[in-house]
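Asks: The structure is given below, and queries will be raised subsequently.
The values are calculated or read from the model by the stated rules, or taken from the named source; none is laboratory data. The structure displayed is predicted, hence computed values, not measured ones. Note that each Cβ is placed from the backbone with ideal geometry, even for glycine, and that neighbours are counted across all protein chains shown.
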Amino acid sequence: MECTNMEQKSPFLSKMINAARVYYIETFGCQMNVRDSETAAGLLETVGFSRGTDKESAALILFNTCCVRDHAEKRVFGNIGALKERKDENPNLIIGVFGCMMQQQEVAEKLYKRFPFVDIVFGTNLLSRLPAFVESAEAGSRTLAVDENNIQIEDDLPSIRTGKINAFVNINYGCDNFCTYCIVPFVRGRERSREMQAVVDEAKKLVAEGYTELTLLGQNVNSYGKDLINASFASLLTEVSKVEGLKRIRFMTSHPKDLSDEMIAAMASLPNVCHHVHLPMQSGSNEILSRMNRKYTRERYLEIVQKLQAAMPDVELTTDIIVGFPGETEEDFLQTLDLVEQVGFASAFTFKYSPRKGTSAATMEEQVTDITKRERLQRLNALQERKSRENNEKYVGLAGIVHVEDCNTKNEPVCYGKFSNFKMVYFTGTPELIGQYVPVTVTNVRKNSLYGKTAESSKYKTDTN
Ligand code: SAH
Ligand code: SF4
Ligand code: F3S
């Protein structure tokens with residue numbers, strides 16, 4: 001059901017069209033939203049807008065929202081509220097809010113009512129209509145548009161990439177997993193895979209534009225192709241890896257339940273696929289994993305980790321973990337700590353469980369108190385800090401190839417970038433190295449970061465690109 005609501009404003013205001021037509025997009029949430037904002041930018045530039053560097057000079061301000069946790073939601077409302085004064089001073093300013101949070105009809109309506117100075121509100125599925133919504137706003141109409149149906153994949157929308165050295169490429173949209181805590185399947189719709197050829201063509205185009213590193217994006221990349229004929233994530237990796245000039249292929253996120261042996265074999269054998277897996281474990285307790293509807297056990301999780309490590313000795317794993325899921329006992333939590341201890345993640349995103357309206361966990365009994373969540377989060381973070389330190393220390397004395405992301409020339413000239421397996425390294429260097437692949441030997445660990453110096457050549461295990 002699509003709901004569109006347009007309100008007329010005074011004709012006087014509608015005539016005061018901004019001359020500058022500079023846009024500014026503020027993005028909350030995950031890489032999917034970052035990618036959508038790139039598309040929003042592309043669409044705006046095709047209708048004559050140009051990118052601004054700050055909110056202050058913009059004639060059009062857009063917020064791309066996230067609702068995965070309460071914290072993300074509050075930040076969005078706070079940021080929009082803060083713009084009221086700007087709008088009072090400059091009624092020509094156009095303000096739009098879109099993305100996951102606005103895909104929830106109720107929330108979109110609430111925001112539309114609470115902030116009458118917001119001109120455009122629309123959900124995730126209507127991005128291609130952004131130019132039309134902006135045109136209406138310039139003519140003095142407000143828009144509220146939420147489409148609850150999935151729409152076809154639109155492969156050919158223009159976009160302006162923001163990654164300096166890495167470009168995001170969507171491979172599948174939406175999610176069918178319905179983990180009981182998660183809002184994403186409700187706001188991103190059912191899983192849809194892009195055709196393999198469309199992904200390969202985009203990769204070729206990006207290489208022609210100068211990118212040598214890509215990140216393939218999906219809520220669950222491992223189930224890529226389940227809605228296509230003869231396509232799997234392993235076969236997609238194989239095809240993308242053949243694109244000439246592509247040096248590094250990353251991907252995220254991997255759901256453990258769909259991580260296949262073929263995918264591990266492809267990762268291990270294809271020279272330009274990076275040895276890093278973001279493998280959210282969520283919990284180390286089988287009882288909690290089952291209540292989360294994750295469809296794997298701690299034993300299965302460990303088995304996958306061991307297979308990955310056996311196939312790729314230099315592989316690094318990162319993860320997401322939730323503490324305080326409904327019914328989580330101290331015993332369950334200790335199981336989480338134990339699994340974190342055993343796996344040895346390079347890093348972890350850790351979250352307090354946040355009830356999301358409409359998800360089944362939100363109404364489960366035995367909700368955990370905030371004090372307990374906070375206390376568990378602290379203990380988990382303390383453990384992960386130790387594990388991250390241990391992980392860092394094993395790199396001292398090793399060399400690898402860093403793909404240089406950026407340089408900071410403020411104090412001392414420090415460049416940084418990642419090894420193929422996602423470890424970030426800082427080293428002395430100057431901005432002309434940005435975008436290059438530089439051999440670096442790790443010399444020491446400072447705070448939580450690796451520091452090194454440029455090396456003659458890389459001797460680091462299998463890291464050859
Ligand atoms: N598709 C990805 C990530 C989705 S959201 C995946 O399946 O791994 C990113 C992370 O946010 C999740 O991995 C989970 O750890 C966390 N998360 C999602 N919903 C949450 C909630 N209601 N409360 C706390 N953390 C949540
Ligand atoms: Fe959410 Fe689970 Fe889907 Fe990830 S796999 S987006 S956590 S429902
Ligand atoms: Fe947030 Fe939407 Fe991503 S809810 S985590 S921006 S898919």
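Asks: For the structure I just gave you, tell me whether residue 277 is assigned to a strand (DSSP E or B) and either more than 25 Å from residue 329 (Cα to Cα) or modelled with pLDDT under 95 (or both).
Replies: yes
Okay, residues lined up against (1) at pLDDT 95 or above; (2) in contact with a helix residue (DSSP H, G or I) (Cβ under 7 Å, 6 or more places away or on another chain):
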site: 105; (1), (2): no, no
site: 114; (1), (2): no, no
site: 118; (1), (2): yes, yes
site: 121; (1), (2): yes, yes
site: 131; (1), (2): yes, yes
site: 139; (1), (2): no, yes
site: 145; (1), (2): no, yes
site: 162; (1), (2): no, yes
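Asks: A further question on this structure: Here is a check on your reading of the model: is residue 48 in a loop (DSSP other than H, G, I, E, B) and under 16 Å from residue 128 (Cα atoms)?
Replies: For residue 48, the condition - in a loop (DSSP other than H, G, I, E, B) and under 16 Å from residue 128 (Cα atoms) - is met.
Asks: For the range 290-300, give me each residue that is in contact (Cβ under 8 Å) with a residue 12 or more places away in the chain and closer than 18 Å to residue 182 by Cβ.
Replies: 291, 292, 293, 294, 295, 296
Asks: Still on this structure, I have one more. Is it the case that some residue within the range 62-84 is at pLDDT 95 or above, of a type in the set (A, V, I, L, M) and away from ligand 2 (no atom under 16 Å from the Cβ)?
Replies: yes
Asks: Moving on. Determine, yes or no, whether residue 303 is out of contact with any Gly (no Cβ under 8 Å at 6 or more places or on another chain) and assigned to a helix (DSSP H, G or I).
Replies: yes
Asks: Okay, moving on. Name the residues in the range 276-289 that are without any contact (Cβ under 8 Å) to a residue 24 or more places away in the chain and within 16 Å of ligand 3 (Cβ to nearest atom), would you?
Replies: Result: no residue meets the conditions.
Asks: Tell me whether the range 180-193 contains one or more residues that are touching an Asp or Glu at 6+ places or on another chain (Cβ under 8 Å) and more than 25 Å from residue 72 (Cα to Cα).
Replies: The answer is yes, given that some residue of the range 180-193 is touching an Asp or Glu at 6+ places or on another chain (Cβ under 8 Å) and more than 25 Å from residue 72 (Cα to Cα).
Asks: Check off (1) part of a loop (DSSP other than H, G, I, E, B); (2) within 16 Å of ligand 2 (Cβ to nearest atom); (3) over 18 Å from the mean Cα position of the chain (by Cα); (4) not small (Gly, Ala, Ser) for residue 243 and give me the number that stays unchecked.
Replies: For residue 243, the exception is condition (2).
Asks: Scan the range 160-188 residue by residue and report those that are of a type in the set (A, V, I, L, M, F, W, C) and either under 20 Å from residue 34 (Cβ atoms) or near ligand 1 (Cβ under 9 Å from one of its atoms) (or both).
Replies: 160, 165, 167, 168, 169, 171, 175, 179, 182, 183, 184, 187
Asks: Out of 191, 239, 213, report the one residue that is within 16 Å of ligand 1 (Cβ to nearest atom), under 23 Å from residue 267 (Cβ atoms) and of a type in the set (D, E, K, R).
Replies: 191
Asks: Which of the residues spanning the range 54-68 are touching a residue at least 12 places away in the same chain (Cβ under 8 Å) and either over 18 Å from the mean Cα position of the chain (by Cα) or more than 16 Å from ligand 1 (Cβ to nearest atom) (or both)?
Replies: The answer is 54, 55, 57, 58, 59, 60, 61, 62, 63.
Asks: Sticking with this one: When you go through 180, 238 one by one, which is the residue that is surrounded by fewer than 21 Cβ atoms within 10 Å (Cβ to Cβ), touching a helix residue (DSSP H, G or I) at 6+ places or on another chain (Cβ under 9 Å) and over 27 Å from residue 106 (Cβ atoms)?
Replies: It is 238.
Asks: Any chance the range 249-270 includes a residue that's among the β-branched types (Val, Ile, Thr), out of contact with any Phe, Trp or Tyr (no Cβ under 9 Å at 6 or more places or on another chain) and under 30 Å from residue 377 (Cα atoms)?
Replies: yes
Asks: As an exercise: evaluate residue 222 against (1) touching a strand residue (DSSP E or B) at 6+ places or on another chain (Cβ under 7 Å); (2) buried (at least 17 other Cβ atoms within 10 Å of the Cβ) and give the number of the one condition it does not meet.
Replies: (1)
Asks: Looking only at the range 437-453, decide whether some residue is in contact with a Phe, Trp or Tyr (Cβ under 8 Å, 6 or more places away or on another chain), more than 30 Å from residue 245 (Cα to Cα) and aliphatic (A, V, I, L, M).
Replies: yes
Asks: Please go through the range 266-286 and give me each residue that is away from ligand 1 (no atom under 16 Å from the Cβ), surrounded by 15 or more Cβ atoms within 10 Å (Cβ to Cβ) and either closer than 23 Å to residue 243 by Cα or of a type in the set (D, E, K, R) (or both), ordered by number.
Replies: Within the range 266-286, 266, 267, 268, 270, 272, 273, 274, 275 qualify.
Asks: For the range 319-360, give me each residue that is away from ligand 3 (no atom under 16 Å from the Cβ), β-branched (Val, Ile, Thr) and surrounded by 17 or more Cβ atoms within 10 Å (Cβ to Cβ).
Replies: Of everything in the range 319-360, those that are away from ligand 3 (no atom under 16 Å from the Cβ), β-branched (Val, Ile, Thr) and surrounded by 17 or more Cβ atoms within 10 Å (Cβ to Cβ) turn out to be 323, 336, 340, 343.
Asks: Report whether or not residue 170 is closer than 30 Å to residue 254 by Cβ and modelled with pLDDT of 95 or more.
Replies: In short, yes.
Asks: Which number in (1) within 11 Å of ligand 2 (Cβ to nearest atom); (2) surrounded by fewer than 16 Cβ atoms within 10 Å (Cβ to Cβ); (3) not aliphatic (A, V, I, L, M) marks the one condition that residue 197 misses?
Replies: (1)
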